[in-house]
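Inspection log for the structure reproduced underneath, given as structure tokens.
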């Protein structure tokens, strides 16, 4: 790296659509110190045009280089050529493109490769383990967004434990704020077609298997039929399980109590409409949507997986429940729906939890420190790069 110029960082991801990982990339890229770093984003499969516009308005380039087929070897040469042409100092990969990113990074002459693990792997087996070990060998630093992910990763790739550290996700509490104005909330509910008189339980995330939304729908069935709650569930997001979830809602006779809002971009307006936030996930890192809801003062009931227990202090700013136990989830939700005093007490605690330990600034500073260390190592005597 030439002395005096900005450190060039390329964020690499499969997709840039609505989701926690994608939100992390977009918000982090916007917040990074533009005086010291030049950041761009490379997508390997596709992107949402609204995200592209949002990034480009902040001077952040979004690029797409996609594989034409499963065996498209030219893909690696194209991405390597892009990285060389961009004079990339740091390649920062995310999510499901660990091995791909390390290979293209090495082919592109990138000296420092960083990978952030946002969740537990969903595919296991000998092939996955071999790919994982190779990617770890080629990577300089592996960041886990929760202690649980760090522990899991270290248990699988013990010889690379020194490369692994934890940086917990953070969000902007100035962007996600509580709203107590009843007129504003009523107007928002009308805009999104939600009932104004029912208690609202909300969840934000991709409609995919890992979120285990059937558990949440079954819990809703318990609330409606067993506990006789006049309650409404709002699912924000899109994904391959949409049809199955709508069918299940019909089978459970709760279709009239569910709204599928699809992909939404004005989340700071949506969260305050919720009385409660719920996550039924099978696995989580440090959930961005949970942090955003908490920042808006929304008590949460979540499964006790991944980093959820680091965000939710059971009985303080929400409740934890066992993964897969829809009856336990329903019972915790019912408790807060019935106990207005407990719910209101948790609202303040939710906001404070984010302010104390999950702010965006602290997270960005930690990543920038890693970037600077990587760039400094490149210019050290014997590094071969100036």
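Under the condition of being in contact (Cβ under 8 Å) with a residue 60 or more places away in the chain and in contact with a strand residue (DSSP E or B) (Cβ under 7 Å, 6 or more places away or on another chain), which residue from segment 31-49 is surrounded by the most Cβ atoms within 10 Å (Cβ to Cβ)?
If we filter segment 31-49 for residues that are in contact (Cβ under 8 Å) with a residue 60 or more places away in the chain, which is where we start, we get 31-33, 36-37, 48.
So of that shortlist, the ones also in contact with a strand residue (DSSP E or B) (Cβ under 7 Å, 6 or more places away or on another chain) come out as 32, 36-37, 48.
Values: 32: 21, 36: 12, 37: 19, 48: 18.
Among those residues, the one meeting the criterion is 32.
Take the conditions in contact (Cβ under 8 Å) with a residue 12 or more places away in the chain and either in a loop (DSSP other than H, G, I, E, B) or within 16 Å of residue 287 (Cβ to Cβ) (or both) and apply them to residue 168. Does it pass?
Details: in contact (Cβ under 8 Å) with a residue 12 or more places away in the chain: yes; either in a loop (DSSP other than H, G, I, E, B) or within 16 Å of residue 287 (Cβ to Cβ) (or both): yes.
In short, yes.
In the set 202, 193, which member is touching a residue at least 60 places away in the same chain (Cβ under 8 Å) and part of a strand (DSSP E or B)?
202
Would you check if there is a residue in segment 143-150 being surrounded by fewer than 17 Cβ atoms within 10 Å (Cβ to Cβ) and either in a helix (DSSP H, G or I) or outside the structural domain of residue 116 (by TED's automatic domain parsing) (or both)? Before the answer, list the steps.
We begin by selecting, within segment 143-150, every residue surrounded by fewer than 17 Cβ atoms within 10 Å (Cβ to Cβ); these are 147.
In the following step, the residues that additionally are either in a helix (DSSP H, G or I) or outside the structural domain of residue 116 (by TED's automatic domain parsing) (or both) were identified as 147.
Checking segment 143-150: at least one residue is surrounded by fewer than 17 Cβ atoms within 10 Å (Cβ to Cβ) and either in a helix (DSSP H, G or I) or outside the structural domain of residue 116 (by TED's automatic domain parsing) (or both).
Look through segment 32-78, keep the residues that are outside any strand (DSSP E or B) and within 19 Å of residue 109 (Cβ to Cβ), and return whichever of them is modelled with the lowest pLDDT. Steps first, please.
Restricting attention to segment 32-78, the residues satisfying the condition of being outside any strand (DSSP E or B) are 32-36, 48-61, 65-78.
Filter again for within 19 Å of residue 109 (Cβ to Cβ), leaving 65, 73-78.
Details: 65: 97, 73: 92, 74: 96, 75: 96, 76: 96, 77: 97, 78: 97.
That would be 73.
Run down 243, 297, 262 and say which single residue is on the phi > 0 side of the Ramachandran plot, free of Cβ contacts under 8 Å to residues at least 60 places away in the same chain and either over 16 Å from the mean Cα position of the chain (by Cα) or outside the structural domain of residue 205 (by TED's automatic domain parsing) (or both).
Numbers: 243 fails: on the phi > 0 side of the Ramachandran plot; 297 fails: free of Cβ contacts under 8 Å to residues at least 60 places away in the same chain.
On inspection, the qualifying residue turns out to be 262.
Does residue 28 satisfy being within 20 Å of residue 365 (Cβ to Cβ), part of a helix (DSSP H, G or I) and either assigned by TED's automatic domain parsing to the domain that holds residue 237 or out of contact with any strand residue (DSSP E or B) (no Cβ under 6 Å at 6 or more places or on another chain) (or both)?
On the way: within 20 Å of residue 365 (Cβ to Cβ): yes; part of a helix (DSSP H, G or I): yes; either assigned by TED's automatic domain parsing to the domain that holds residue 237 or out of contact with any strand residue (DSSP E or B) (no Cβ under 6 Å at 6 or more places or on another chain) (or both): yes.
For residue 28, the condition - within 20 Å of residue 365 (Cβ to Cβ), part of a helix (DSSP H, G or I) and either assigned by TED's automatic domain parsing to the domain that holds residue 237 or out of contact with any strand residue (DSSP E or B) (no Cβ under 6 Å at 6 or more places or on another chain) (or both) - is met.
When segment 173-190 is examined, which residues are found to be in a loop (DSSP other than H, G, I, E, B) and surrounded by 14 or more Cβ atoms within 10 Å (Cβ to Cβ)? Please lay out each step first, then the result.
Just the residues of segment 173-190 that are in a loop (DSSP other than H, G, I, E, B), to begin with: 173-181.
173, 176, 177, 178, 179, listed by residue number.
Would you mind stating whether residue 258 is surrounded by 20 or more Cβ atoms within 10 Å (Cβ to Cβ), over 22 Å from residue 357 (Cβ atoms) and touching a helix residue (DSSP H, G or I) at 6+ places or on another chain (Cβ under 9 Å)? Outline the logic, then answer.
On the way: surrounded by 20 or more Cβ atoms within 10 Å (Cβ to Cβ): yes; over 22 Å from residue 357 (Cβ atoms): yes; touching a helix residue (DSSP H, G or I) at 6+ places or on another chain (Cβ under 9 Å): yes.
Criteria met by residue 258.
The values are calculated or read from the model by the stated rules, or taken from the named source; none is laboratory data. Bear in mind that the values here come from a model prediction, so they are computed numbers and not experimental data. No Cβ is skipped: glycine too gets one built from the backbone with ideal geometry, and neighbour counts run over all protein chains shown.
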